[in-house]
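The values are calculated or read from the model by the stated rules, or taken from the named source; none is laboratory data. Every value quoted in this text rests on a predicted model; they were computed, and no experiment measured them. Note: ideal-geometry Cβ built from the backbone for every residue, glycine included; neighbour counts use all protein chains shown. Accessible surface areas use protein heavy atoms only, side chains included; no ligands, DNA or RNA. Shrake-Rupley method; radii C 1.70, N 1.55, O 1.52, S 1.80 Å.
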Amino acid sequence: MLFVPSKNILDLALAYGVPRRKVYLCGLPVREGFWRSGRATVAARKDMQVRLGLKAAERPEIVLLMGGGEGFGRIADVAIAIGHRLAHLGFGQLVVVCGRNEQVRKTLLGHAWPKQGGQGEIFTPQILGFVANIQDYMTAADCLVTKAGPGSIAEAMIKGLPCLLTSFVPGQEEGNVKYITENDAGAFVQDDQPEQVADQLAAWLSDPELMISMSRNAQGLARPRAALDIAQMISECIFTQDG
């Protein structure tokens with residue numbers, strides 16, 4: 001039995017001679033907090049935003065930036081560029097999950113953030129370390145900025161989050177970038193161009209209809225039951241053989 005996450009991989013398996021009867025298109029297994037698909041209602045998102053210490057958003061404006069559990073990539077440069085761009089726009093909120101990268105977290109906590117719109121309140125992003133409830137932050141967010149890791153992408157699709165991918169492991173994750181861009185569920189801007197990353201986000205947040213369209217496309221790629229379906233098929237195979 002061969003379980004694959006997408007039709008592209010299914011086609012690749014068949015091209016390499018794997019019998020069709022042995023290949024199962026299930027999606028990528030994800031943790032329990034992502035076993036239900038669909039964008040949360042506006043009311044549920046607002047409630048989650050407040051519970052997480054954010055302001056309840058009336059429009060798409062909450063950016064979730066993360067670099068995996070170890071905080072890989074140029075998170076600090078990208079976060080600073082995004083924060084300054086949102087402050088200049090005069091709207092938008094930023095949550096940065098630094099994972100176990102304590103140096104990045106300290107750098108961002110000590111950064112001199114600008115005032116909203118050049119006046120008034122200081123733009124203050126949430127700067128976090130490792131979080132165990134990332135599903136809650138994805139529920140609250142409107143888009144995700146991250147590296148092209150398959151787990152994060154699969155979880156984002158389930159939550160209906162457009163993905164702005166900023167890096168990938170050559171070979172291993174390169175196909176994930178095409179998967180997102182070809183399905184109009186996000187874009188790719190290299191993290192060595194943090195200002196361009198921020199510009200792309202600003203364009204998204206300034207176009208709510210585009211955000212809604214990309215969110216729907218993301219949800220169309222979601223396979224929240226992958227872990228359950230794989231476990232069920234393996235169990236059925238074992239019990240059938242035992243019988």
Legend entry - Percent of C-alpha pairs per 10 Å bin, segment 107-153, short to long: 19, 39, 33, 9, 0
Inset, instruction - With a length cut of 18 Å (Cα positions projected on each helix's long axis) and a Kyte-Doolittle mean of at least 0.5, go through the chain and give me the DSSP H helices that pass. - result: 75-89, 226-242
Legend entry - Cα centroid separation - segment 171-227 against segment 103-118, whole Å: 25 Å
Legend entry - Relative contact order for segment 88-243, counting Cα pairs under 8 Å that sit 6 or more residues apart, in percent: 18 percent
Inset, instruction - Mind telling me which of Ala40, Ala218, Ala76 comes out most flexible in a GNM of the chain, alpha-carbon contacts under 10 Å? - result: Ala40
Inset, instruction - Kindly provide log₁₀ I(q)/I(0) values, in the same order as q = 0.15 Å⁻¹, from the Debye equation applied to equal alpha-carbon scatterers of segment 52-160. - result: -0.60
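Just to confirm, what accessible area per residue do you get for the chain at 1.4 Å probe, in whole Å²?
50 Å²
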Legend entry - Highest-MSF residue in the chain out of Val145, Val23, Val97 [GNM, Cα springs under 10 Å]: Val23
Legend entry - In nm, spacing of pseudo-spin labels at Tyr24 and Leu2 (7 Å Cα→C-beta vector): 1.5 nm
Legend entry - Fully extended contour minus Cα-Cα distance, from Thr41 to Val169, at 0.36 nm per residue: 42.6 nm
Legend entry - Quarter of the Cα convex hull surface for segment 1-109, i.e. its orientation-mean projected area (nm²): 10.2 nm²
Inset, instruction - Work out the FRET efficiency for Asp11 and Ser235 from their Cβ-Cβ distance, taking R0 = 30 Å, and round it to the nearest 0.05. - result: 0.65
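What FRET efficiency would be calculated for the residue pair Asn183, Ala112, taking the C-beta separation as r and a Förster radius of 41 Å, to the nearest 0.05?
FRET efficiency, Asn183 to Ala112: 0.55.
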Inset, instruction - Please give the contour-minus-distance gain from Arg100 to Gln190: 0.36 nm per residue of separation, less the Cα-Cα distance, rounded to one decimal in nm. - result: 30.2 nm
Inset, instruction - Could you check how much of the accessible area of segment 132-224 is carbon and sulfur, as a whole percent, using a 1.4 Å probe? - result: 45 percent
Legend entry - Overall Cα dimensions of the chain - principal axes, largest extent first, Å: 71, 37, 36
Inset, instruction - Output the Cα-based Rg and Dmax of segment 132-220 in Å, rounding Rg to one decimal and Dmax to a whole number. - result: 12.1, 34
